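Data first, discussion second: the structure below is written as structure tokens.
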Amino acid sequence: QAQLVESGGGSVQPGGSLTLSCAASGFAFNVYAMNWYRQAPRKERELVATITNGGNTYYTSSVEGRFTISRDNAKNTVYLQMNSLKPEDTAVYYCNVKRFQRDYWGQGTQVSVSS
């Protein structure tokens, strides 16, 4: 059973930085693309970034140039480095993997950006 555990959220001022981590277990981490999603209050969950098993990356346009997704296959961990944070980045951030046409999610970690 795939398990994902996020950490690293918190409260920061605009312009600040945070790094989120997602520790994965229960599956062959190095084989799968990994995703970060976020869900802001009263909004739908949206895909923020993806990293393939080969290390190729994708970002939604609103975070391009500010966020960096990376992975450490030796540690079964995916990261999301978030710089130049804006109030509109405030959301619960979720780690995700899609295996055999099923989505697996972590419990989420709250990121709050305000002055």
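The values are calculated or read from the model by the stated rules, or taken from the named source; none is laboratory data. Just so it is clear, the structure is predicted and the values come from calculations on it, not from any experiment. Ligands, DNA and RNA are excluded from the accessible area calculation, which covers all protein heavy atoms including side chains. Shrake-Rupley method; radii C 1.70, N 1.55, O 1.52, S 1.80 Å.
Below, the figures for the structure above:
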{"item": "Stretch gain in nm, segment Tyr58-Gln39, where the contour uses 0.36 nm per residue and the Cα spacing is subtracted", "result": "5.0 nm"}
{"item": "Protein accessible area in segment 10-115, 1.4 Å probe - carbon and sulfur %", "result": "46"}
{"item": "Most mobile of Pro41, Pro14, Pro87 in a GNM of the chain (Cα contacts under 10 Å)", "result": "Pro41"}
{"item": "Per-residue HN-Hα couplings for segment 27-36 [Karplus 6.51, -1.76, 1.60; θ = phi - 60°; Hz; x = Gly/Pro]", "result": "7, 7, 3, 5, 8, 10, 5, 10, 10, 10"}
{"item": "Long-range HN-HN contacts of Thr90 with modeled amide H, under 5 Å", "result": "Val113"}
{"item": "Segment Ala74-Lys98, extension gain: residue separation times 0.36 nm, minus the distance between their alpha carbons", "result": "6.7 nm"}
{"item": "Centroid-to-centroid separation of segment 39-115 and segment 8-37 [C-alpha atoms, Å]", "result": "6"}
{"item": "Mean separation of Cα contacts under 8 Å (6+ apart) over length of segment 1-55, as relative contact order %", "result": "28"}
{"item": "For the chain: relative contact order, % (alpha-carbon pairs under 8 angstrom, 6 or more apart)", "result": "36"}
{"item": "Per residue solvent-accessible surface (Å²) - segment 48-115, probe of 1.4 Å", "result": "52"}
{"item": "Linear extension gain, Glu46 paired with Ser7, 0.36 nm per residue minus alpha-carbon span", "result": "12.2 nm"}
{"item": "Among Ser61, Ser84, Ser21, residue whose mean-square fluctuation peaks in a GNM of the chain (springs only between Cα atoms under 10 Å)", "result": "Ser61"}
{"item": "Karplus-derived 3J(HN,Hα), 6.51/-1.76/1.60, for each residue of segment 37-47, Hz, glycine and proline x", "result": "10, 9, 9, 8, x, 6, 10, 6, 5, 10, 6"}
{"item": "For segment 12-22, Karplus couplings with θ = phi - 60° (6.51, -1.76, 1.60), whole Hz, Gly/Pro x", "result": "9, 7, x, x, x, 10, 9, 10, 8, 10, 9"}
{"item": "Residue among Thr60, Thr50, Thr19 with the largest mean-square fluctuation in a Gaussian network model of the chain, springs linking Cα atoms under 10 Å", "result": "Thr60"}
